[in-house]
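Single-structure report; data block below.
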Amino acid sequence: MAGAVKVLEEVVKPLGATTIVPGHGGVAGPELVDEVLGYLRFVQRTARAGREAGLTPLEAARETDLGEYAGLLDAERIVGNLHRAYAELEDGPLGRPVDAAAALGDMVAYNGGRPLTCLA
C-alpha cells in the first residue's frame, strides 16, 4: 500500500500523463491516479481502524462499508489488501512478506467460500 501510494504521488502523478494504461481495467485519463490513491488510502484507514479495534483483516473487511468502492470487481481483494496494510502498521521494512495462505484463505471466506476469480 505505502509503496504504491509513494510511486503514484511521486512518480506517476508528476509525469502529467493524459492517457494511462493500467494493469487492470480500461485505458483512462489522469483522474485514474487520484481514484487509485483514494482506494489505497481507504484501505490504509480501514486497516488502522481495524487494528485499533482488535479486528483481524477479515473481520475488518466484513465490518467495513466499501462505499464508493463496493462496485469494484473482485471485491474480496479488500481482504488481501488489508493483510498488506496491517503488515505495514507493524515495525519492520515495508514490502516484507505476508502470510499469503492466510490472506488467500480469508479472501475465500469473505467470498462466501467460493473460489477466487480474477475479473479485473
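Compactness check for the chain: Cα Rg over 2.2 N^0.38 Å is 1.09.
With the convex hull constructed from alpha-carbon coordinates only, segment 15-83 shows a mean projected area of 5.1 nm² over all directions.
For the chain, give the percent of accessible area contributed by carbon and sulfur heavy atoms, probe 1.4 Å, rounded to a whole number. Can you show the working numbers first?
Working: 4080 of 7160 Å².
Accessible surface attributable to carbon and sulfur in the chain totals 57 percent.
Here the Karplus relation 6.51 cos²θ - 1.76 cosθ + 1.60, evaluated at θ = phi - 60°, turns the backbone of segment 43-53 into coupling constants of 4, 4, 5, 5, 5, 4, 5, x, 5, 4, 7 Hz, with x for every Gly and Pro.
How big is the C-alpha Rg of segment 1-46 next to the rule-of-thumb value 2.2 N^0.38 Å, as a ratio?
Working: Rg = 10.5 Å, N = 46, 2.2 N^0.38 = 9.4 Å.
So segment 1-46 has a normalised radius of gyration of 1.12.
Whole-Hz Karplus values for segment 19-29 come out as 10, 10, 10, x, x, 10, x, x, 4, 9, x Hz, taken residue by residue from phi with 6.51 cos²θ - 1.76 cosθ + 1.60 and θ = phi - 60°; glycine and proline positions read x.
What residue among Val11, Val79, Val98 has the largest mean-square fluctuation in a Gaussian network model of the chain, using Cα springs under 10 Å? Ranking Val11, Val79, Val98 by mean-square fluctuation puts Val11 first.
Proximity of backbone amide H atoms, modeled 1.01 Å from N, is registered between Ile20 and Ala28, Gly29 at under 5 Å, excluding neighbours fewer than 5 places apart on the same chain. Using R0 = 35 Å, the C-beta based FRET efficiency linking Ala75 and Lys6 works out to 0.90. When the chain is treated as a GNM with alpha-carbon contacts under 10 Å, the residue of Gly54, Gly26, Gly38 showing the greatest mean-square fluctuation is Gly26. If R0 equals 25 Å, the separation of the Cβ atoms of Asp65 and Leu116 corresponds to a calculated FRET efficiency of about 0.70. The angle separating the long axis of helix 77-88 from the principal Cα axis of greatest extent in the chain is about 90 degrees.
For the chain, averaging the sequence separation of C-alpha pairs within contact (under 8 Å, six or more residues apart) and dividing by the residue count gives a relative contact order of 26 percent.
What value, in deg cm²/dmol to 500, does the helix sum -39500 (n - 2.57) over DSSP H runs of n ≥ 4 give at 222 nm once divided by the residues of the chain? Rounded to the nearest 500, it is -15000 deg cm²/dmol.
Among Ala60, Ala85, Ala102, the largest mean-square fluctuation in a Gaussian network model of the chain, built with springs joining Cα atoms closer than 10 Å, belongs to Ala102.
The values are calculated or read from the model by the stated rules, or taken from the named source; none is laboratory data. Note that the structure is predicted; figures quoted are calculated from it, not measured. With ideal geometry, Cβ positions are generated from the backbone for all residues, glycine too; neighbour counts draw on all protein chains shown. Heavy atoms of the whole protein, side chains included, go into the accessibility calculation; ligands, DNA and RNA do not. Shrake-Rupley method; radii C 1.70, N 1.55, O 1.52, S 1.80 Å.
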